[in-house]
Structure formats: structure tokens, C-alpha cells
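Every number here is computed from the coordinates shown, using simple stated rules; none is lab data. This structure is a prediction, so every number in the text was calculated from the model and none was measured. Glycine gets a Cβ as well: all are built from the backbone with ideal geometry, and neighbour counts include every protein chain shown.
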Amino acid sequence: MKLISLKVLNFRNLDKLNIEIKKNINILHGGNGQGKTSILEAIYLLGITKSFRVNDDRSLVKNKEKFYDITGDFLKETNKKFRIRIFFSWDEGKHVFYNQEKIKTFSSIIGTVPIILLSLEDLELTYGSPSSRRKFMDILLSQIDPVYLQSLKQYKKVLLNRNKVLVLINEGKEDVNGLIPWDQQLIEFGSYLCFKRYQMIKELNPLIEAYYRQISEVSEKMEIGYQSSFKLNSETAEEVNQQFKKKLQEVQARDINYGSTTVGPHRDDLIFYKNNQPLKVFGSQGENKTFLISLKFAEAQLMEKHLNIKPILLLDDIFGELDQRRIKKVVENIQKTDRQTFITTTKADKFKDSQTNIALIKVENGQVIYET
Amino acid sequence: MKELGISALDDLIDQFSQLPGIGRKTAQRLALFILKSSPEYANDLANAIINIKQNTRLCKRCFNVAEEEFCSICSDHNRDVHKICVVEDIVDVMAIEETRSYRGLYHVLGGVISPLSGVSADQLRIKELVERIQNENIEEVLLALNPSTEGEATIIYITRLLKNFNIRLTRLASGVPMGSHLEYLDVATIGKAIQSRQDL
Ligand SMILES: Nc1ncnc2c1ncn2[C@@H]1O[C@H](COP(=O)(O)OP(=O)(O)OP(=O)(O)O)[C@@H](O)[C@H]1O
Ligand SMILES: [Mg+2]
Ligand SMILES: [Zn+2]
């Protein structure tokens, strides 16, 4: 997938931006606060329909303006072109268009433009809360598998209803049997989510290890462990279904007591390991960064395999904490793959005398200036 | 548009804007349309609104909208009285009738189980459904509920209640896209879903 042109109106500090993208690797460089991350954010929105920085679209609209408007023209591997447009205004809310067609359910276009993002927020993936790690899995799997996205949405609704029933039972206003219609659905959707996540992590691990070795040039065992809230050690979706069902029955009394569901994919977590020890505790900053970059490359490869489309990589400020050798290896890796990549950085010197497939794009006060 | 301080106009705009799917702007347009229309039209419209409340009630048997004790479907002798199609709301009866692919009777539940919105099973007309199955000579119950998690929960609940009756219990085939509402589905899709219903 290639983004060939990007038009942005009134988005963050970008008032009117028109970029033609001709190269595979695009270095967005410039001083702090000039609009580099905002450009990545605009591209991200075209694929995911939401920002990675904020939930409320109103804060994305340029100050004093009433709407933002982002249009991207894309070129598929099959040489077909299409257009995605995201429009938001204070009065009319958000509208998503695929070519001329207005999209009713925004999530239905997720996966059309597969996107892998490494943002500053991702540094928190290792150290932050479990919910950020679940979100990481959900965004990746939702792009690969529309059934996953549907199941996730349904699961969340079922969970809210089930929790409400638990509270009602606790207060004596509802019978224990009132759980049955919700449990059955919770198990169905939940076990699908767990199974898919578990399989995905298993597929990612060897890839992460290989990329880590390439970038760091040391042979270390990097690995993600899936921590499930129930015993999950299975090869088939049906077994996961049985395991979840069994656990849900075991904890029913506790759930009623707490008035909330204490097991399921919404309670699961990931642990990142370096040589079998948690990276969170035993990793250095640079190692963590190297791990996350390896993870993103691994994600991209996984996505490519499942979708048969090369994702667009958005790498925000990735070179901090890395030594020159590792930076060189990362850039080498990006060049090898032929994936369209957008990299933001404050210092572009390392690319100044580099190869022809790199475009240097200077971002200054919400405007872009091409240099090559 | 600025409000003009004419209370008869503002009242009508307020009333219209409470209708589902009608925003402030549309309400203003509708009110102005009526302002400019002939007195006869305005009268007919007002009467139609009053009539719908005065001259209708819920069918005693299926809770569809009716003019008499029983609705037009329940009083139609050409319908198959051994089949009941269970729906959430009256609009679903209208949607299914439009397909002309179903000739049995209906049962309008008046909602679906939704703990979050405070709707529990005993607030729906499920008890009445069970009574009908006990008293009428029913051979098949088709659960035609919207494919939401709440609709699904209601199907699971009713299936458990009815599984010991000697009836064929079916649901719409899952060609119906998840998260969509029956009333918005096109006629052909619902027709197909009814023909390819699945046994529970
Ligand atoms: N809604 C908005 N309207 C106007 N300006 C905004 C809005 N939201 C953010 N900004 C400003 O836009 C500018 C660009 O932000 P952005 O995050 O894109 O900078 P950056 O180039 O990535 O900088 P850094 O190198 O510091 O990461 C910032 O000064 C920010 O305060
Ligand atoms: Mg930035
Ligand atoms: Zn009737």
C-alpha cells in the first residue's frame, strides 16, 4: 500500500497542506512543535479513523477553526487507486468516505489501509498499564481480521451487560440464571479474542527475535509472553472456549461478589522478556527501544503475510536512545523491505547524503518544504 | 435560522424536533411548510395524529397495532395459525410483512433483554408468548430478533424457556449482518433470511 498524495486542512497546526509522496522512505524533519507528528497523525487517521493521541476529535481541529478535512490518495499493490477522506466539524460530527461512498460504520474501513505506528506513547507499552498492551493487540488484529474487530465490539457490549447483571444479582434483584444469556455470548466472543491473540503472539515471537538480533547485533532471546486470566494452552479455538467456560463457572461467586467480570480477554496482559527476565525490570532504555522497533517490524511482516498488502509504517521520533550503529541497522532494515515509511526526526543529517529512495521533507510551522 | 418569537411556530418546532431522526433544522423546515400549507392540509394532519392515538390499541393476542380487539393479521383467516414469528417491535412486523415471505402470526415482545437500559426479561411479553404456545396449537416459533448482543441474549433466554415444548424453534439465518437493524435492512435480505431460517 502506498500513500501517493495527502491533503490536510485545519488539522492541528497544519492549516493547508498538500503533499505528493514519490519516495518510499519519507523523512519528516524539523524543530520541535513544527507539525511532524501531526502529519503522521493525519495519515494514521486515514487508516484507523481515530487519533492515537486523543479520543476527542475536537482537539484535532486547528484552533479557532470549525472543521478538519484529511484526504489521502492510495495506490494498491494491484495498481488500483482509491481515496479515503475523513471530515470532522463541530456541527456535523465525523464523516468517513471511501472514494465517493459515505461509510456508515467507520470500523468497516479498518484494514483497508494497514498501518503500523511507533509513537512516543508506545514507549509506555513496556512500562505502562495492561490496557495499553491489550490495545496494541486489538489494533493489530482488528486490521488483519474483521471478525476479530466485530467480536471485540460485541464482547465489550456483552461484558457491560453481564457486569450489570452481576450487580443486580448481588442486590438480590435478579436470578443467577439471568447470567446465562450473557455468559454464552461472553464465552463465544471472548474465546475467539483470546485464541487469536495467543496465536498472534506465537507468530510474532520468532520474528521479533530475528529483528532484534539484526538491529542489536547481539544474540539475545527477546520474547512476549501471553498472560491469560484463565488457563490457556491450546491449539484450537474450541479448547479455548472450554477453558474460558470452565473458569467463568469457577469464579461466578466471586464475580457476583465484586459485581464485575474478573476473567476474560479484558483482563489479559503481555509480558516482554529479555533472556527470560522481564524487560520492564531488566532492560535498558536503548534495549527497550530496540525491542519496540523489532516488534513493529515483526508486526509489519505478520500483517503483510495475512493481508497480502504491505502496511504503511509511521515511526515517530524513533532514533532517540539508539546509538549510531543501531540507527544504521534500523535504516538498513527499512530500506530492505520496500514498505512505505514515514519517519519523523529533529535531526536529518544522518540521511543528508543517503540513497535515492529517501525523500527529505522539512516541516516548518505547519508547512512542508521538499529538499530532494 | 433565528427564532422569531412567535409562540405557535416555536411550539410546533419544539414538537417536531422531539421526533426520532428530526434535528432542529429539519423541524424548522417542517413547521414552515405547515405554516404555508392550506388550512385543510393542516387539519387533516392534526386529525391523523389524534386518530392514531384514539382509534388504535394493541392486539390482544400478538400486541401488534390494531383497530379492534385483534389486529388485521390475527383476524386474517388465510394466515397460518400454527406459526408465530417473535419480533422486538411493531416496525419489525411491518418490515417482515413487506417481504411477503411469511404467512404465519406474530408476537411483539416490546423490546429485548437489556440490563444496561434497565430492561429485564419479565418486562417483555415473554410470559404471554409461553401462554400462547400452551393454549394455541403452535407448531413453529421463529425468533426474528435484531442481531445485536441484546437480541441474542433474548433468543438464548427464550430458547431455554421453550425447549421442552413440542414445537419447531427457529431463528433467522445469520446472513443478516451483525449490528444492523431489521428495519433498515432491505426487503430482499429479510425475505432470504426468513426462507433460510435455522433450527435451534
Ligand atoms: N488543535 C490545534 N490547533 C493548533 N495547534 C495545535 C493544535 N494541537 C496541537 N497544536 C500545536 O501543533 C504544533 C505541532 O505539534 P506536533 O506534535 O506535530 O509537533 P512535532 O513537529 O512533532 O514536534 P516535536 O519534535 O516536539 O515532537 C505544536 O506546537 C502543538 O502545540
Ligand atoms: Mg513529534
Ligand atoms: Zn394480532
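What residues qualify as long-range amide H neighbours of A:Leu118, i.e. H under 5 Å apart, gap of 5 or more or another chain, H built at 1.01 Å from N?
HN-HN under 5 Å from A:Leu118: A:Leu314, A:Leu315, A:Asp316.
What does the charge dipole of the range A:183-224 about its Cα centre add up to, to the nearest 20 debye, if the Cβ of each Lys and Arg holds +1 and the Cβ of each Asp and Glu holds -1?
Here the size comes out at about 60 debye.
First measure r as the distance between the Cβ atoms of B:Glu98 and B:Thr159, then evaluate 1/(1 + (r/R0)^6) with R0 = 45 Å and state the FRET efficiency to the nearest 0.05.
Using R0 = 45 Å, I get an efficiency of 0.95.
If amide H atoms are built 1.01 Å from N in the plane of the peptide, which residues on other chains or at least 5 residues away come under 5 Å of the amide H of A:Met222?
Sorted by chain and number, the residues that satisfy this are A:Asn275.
³J(HN,Hα) across the range A:90-96 via Karplus (A = 6.51, B = -1.76, C = 1.60, θ = phi - 60°), whole Hz, x for Gly/Pro?
In residue order, the calculated couplings are 4, 7, 9, x, 9, 10, 10 Hz.
What percent do you get for the relative contact order of chain A when only Cα pairs under 8 Å and 6+ apart count?
Contact order relative to length: 26 percent.
Residues in the range A:185-220 near a label at A:Val281, defined as backbone nitrogen under 16 Å from the 7 Å Cα→Cβ point?
Under cut-off, by backbone N: nothing.
Please give the peptides B:23-30, B:81-88, B:95-102 ranked by average Cβ packing (other Cβ atoms within 10 Å per residue), highest first, as a rough proxy for protection.
Per-residue Cβ counts within 10 Å, averaged per peptide and sorted highest first, yield B:81-88, B:95-102, B:23-30.
Most mobile of A:Lys289, A:Lys196, A:Lys94 per a Gaussian network model of chain A (Cα springs, under 10 Å)?
In this elastic network of chain A, the residue with the biggest mean-square fluctuation among A:Lys289, A:Lys196, A:Lys94 is A:Lys94.
Given H placed on each backbone N at 1.01 Å, which residues far from B:His107 in sequence or on other chains put an amide H within less than 5 Å of it?
B:Cys85, B:Val86, B:Val87
Lysines within cross-link reach of B:Lys25: Cα-Cα under 30 Å, excluding same-chain residues under 8 positions apart?
A:Lys50, A:Lys62, A:Lys64, A:Lys66, A:Lys94, A:Lys102, A:Lys104, B:Lys2, B:Lys36, B:Lys53
Which of B:Ala48, B:Ile13, B:Gly23 sits closest to the plus end of the dipole of the range B:7-55, meaning its Cα is farthest towards the positive end, when Lys and Arg get +1 and Asp and Glu get -1 on the C-beta?
The listed residue farthest towards the positive side: B:Gly23.
Take A:Asp15 and A:Glu124, extend 7 Å from each Cα along the Cα→Cβ direction, and tell me the distance between the two endpoints in nm.
3.2 nm
Rounded, prolate or oblate: which fits the protein assembly as shown, taking a ≥ b ≥ c as square roots of the Cα gyration tensor eigenvalues, rounded meaning a/c under 1.5, else prolate when a/b beats b/c?
It comes out oblate by the Cα gyration axes.
Determine the dipole magnitude for the range A:123-308: charges of +1 sit on the beta-carbon of Lys and Arg, -1 on that of Asp and Glu, nothing else is charged, the reference point is the Cα centre, and the result goes in debye to the nearest 20.
300 debye
How large is ³J(HN,Hα) for each residue in the range B:96-111, as worked out from phi by the Karplus curve 6.51 cos²θ - 1.76 cosθ + 1.60 (θ = phi - 60°), to whole Hz, x for Gly and Pro?
So the Karplus estimates, Gly and Pro as x, are 6, 4, 5, 6, 6, 10, 10, 10, x, 9, 10, 8, 8, 6, x, x Hz.
Along the Cα→Cβ direction, 7 angstrom out, place labels at B:Asn51 and B:Arg24. What is the inter-label distance in nm?
Each label point is offset 7 Å from its Cα along the Cβ direction, giving 3.5 nm.
Given a Förster radius of 30 Å and the C-beta distance between A:Ser219 and A:Thr356 as r, what FRET efficiency does 1/(1 + (r/R0)^6) yield to the nearest 0.05?
It comes to 0.35.
Across the range A:138-151, in residue order, what do the Karplus-derived ³J(HN,Hα) couplings come to in whole Hz, using 6.51 cos²θ - 1.76 cosθ + 1.60 with θ = phi - 60° and x for Gly and Pro?
Whole-Hz 3J(HN,Hα) from phi for the range A:138-151: 5, 5, 5, 5, 5, 6, 7, 9, x, 5, 4, 4, 4, 5.
Going by Cα centres, the range A:146-209 and the range A:49-108 are how many Å apart?
Their Cα centres are 30 Å away from one another.
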